[in-house]
1. Ordered by residue, what ³J(HN,Hα) values in Hz, to whole numbers, does the stretch 153-163 give under the Karplus form 6.51 cos²θ - 1.76 cosθ + 1.60, where θ = phi - 60° and Gly and Pro are x?
2. By how many nm would the segment from Asp155 to Ile56 grow when fully extended, if each residue of separation counts as 0.36 nm and the alpha-carbon distance is taken off?
3. Pro40: net charge of surrounding residues, Cβ under 10 Å, Lys/Arg +1, Asp/Glu -1, itself excluded?
4. With label points built 7 Å along Cα→Cβ from the Cα atoms of Arg259 and Phe244, find their separation and express it in nm.
5. What is the Cα convex hull volume of the stretch 217-290 when expressed per residue in Å³?
6. Thr192 versus Asn48, label points 7 Å from Cα toward the beta carbon: distance in nm?
7. Counting only other residues whose beta carbon sits under 11 Å from that of Lys105, what net charge do I get with K and R as +1, D and E as -1?
8. Only Lys, Arg, Asp and Glu count, each charged at its Cβ (+1, +1, -1, -1), so figure out the dipole size of the chain about its Cα centre, rounded to 20 debye.
Amino acid sequence: MPTYNFRHEAEVYVVSGGTTHRIHVTDISFSQTFSEESYPVNTIHSPNDLFEASVINKASAANFSFSMPAIVQADYTIVETLLLGATEFELYVKTANTDTFRLEKAVMTNGSFVIERSRPLSLTISGEASRLYKGASLTGTSAISNRSFTIPKVDVTLDDSLLTDVISVNLELQNEIEWNPFATVNDAVSATTMYPSGFTLSKKILAGSITQYLTGENSSNALTFNTSSTLSIKAGNGLPNNQFRGFSFGPATCSFTNRIATGTVYTQNYDWRLTDNTTSLTSLLNYVTD
């Protein structure tokens with residue numbers, strides 16, 4: 001009887017700077033595809049060969065995504081470091097049947113800071129890698145023994161005014177990268193399969209949205225916009241010892257537009273984007289832990 005690999009049994013490890021970090025995830029996916037080119041083979045001598053032949057010698061960048069809880073302990077802050085810096089690392093996925101997959105030269109291209117009412121904070125990560133291997137070896141795979149979760153209280157301040165009646169907050173970082181082709185002409189000619197050799201970071205986008213009920217007390221910004229507002233967001237709580245734990249952004253200079261939604265209850269939505277280049281991202285956006 002065959003043995004199957006179940007996604008919920010997968011173990012995920014991040015390797016950076018020679019250190020292996022076990023990341024407990026709630027979801028994981030990864031894959032890599034190859035480009036095919038066809039060419040005709042029918043000739044004067046074989047006019048009925050109508051099915052074209054195939055050449056497959058080039059791989060697209062591998063892709064991956066996973067979701068993880070934002071625990072109070074500092075064990076998962078390596079993910080924040082790699083995301084904010086768009087830093088290269090190795091990603092390993094170990095199955096229950098002892099197969100291990102390795103994503104080489106991985107980089108996080110998108111990070112969504114998931115903030116939901118009455119639910120623990122979490123991070124959803126997606127990215128790309130140069131190559132996906134099967135049958136990789138992995139050492140140093142110890143896991144943390146205790147995990148505490150953060151159910152957040154959300155505070156949003158816009159231009160020194162605390163926003164009331166907030167329904168939801170979204171915050172997302174995008175690292176736009178460009179993959180380099182195979183390194184040299186000689187390598188490209190000699191290789192059986194060509195994989196991307198590296199990447200460069202071309203742009204960062206940090207943006208999100210804030211939704212609140214529209215009331216007589218908070219309608220001053222309705223249907224307005226601003227290219228230079230100060231925004232700060234805190235999603236977390238004061239446990240333990242009355243010290244903040246959770247996601248913290250700002251204060252930082254942002255642009256925003258405000259739009260109205262006319263559902264059963266009127267709401268207004270701030271779509272915002274970071275425009276501040278004077279302060280480092282690691283100072284503005286933090287996953288605060290013990």
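1. 9, 10, 10, 10, 10, 10, 6, 6, 10, 6, 6
2. Stretched out fully, the Asp155 to Ile56 stretch lengthens by 30.4 nm.
3. Spelling it out: positives minus negatives among the neighbours equals -2.
4. Reported label-point gap for Arg259 and Phe244 is 3.0 nm.
5. Enclosed volume per residue, from the Cα hull, is 122 Å³.
6. 3.5 nm
7. Net charge in that neighbourhood comes out at -2.
8. Using Cβ point charges on Lys, Arg, Asp and Glu, the chain gives about 520 debye.
Every number here is computed from the coordinates shown, using simple stated rules; none is lab data. Because the structure is predicted, anything quoted here is derived from the model rather than measured. Note that each Cβ is placed from the backbone with ideal geometry, even for glycine, and that neighbours are counted across all protein chains shown.
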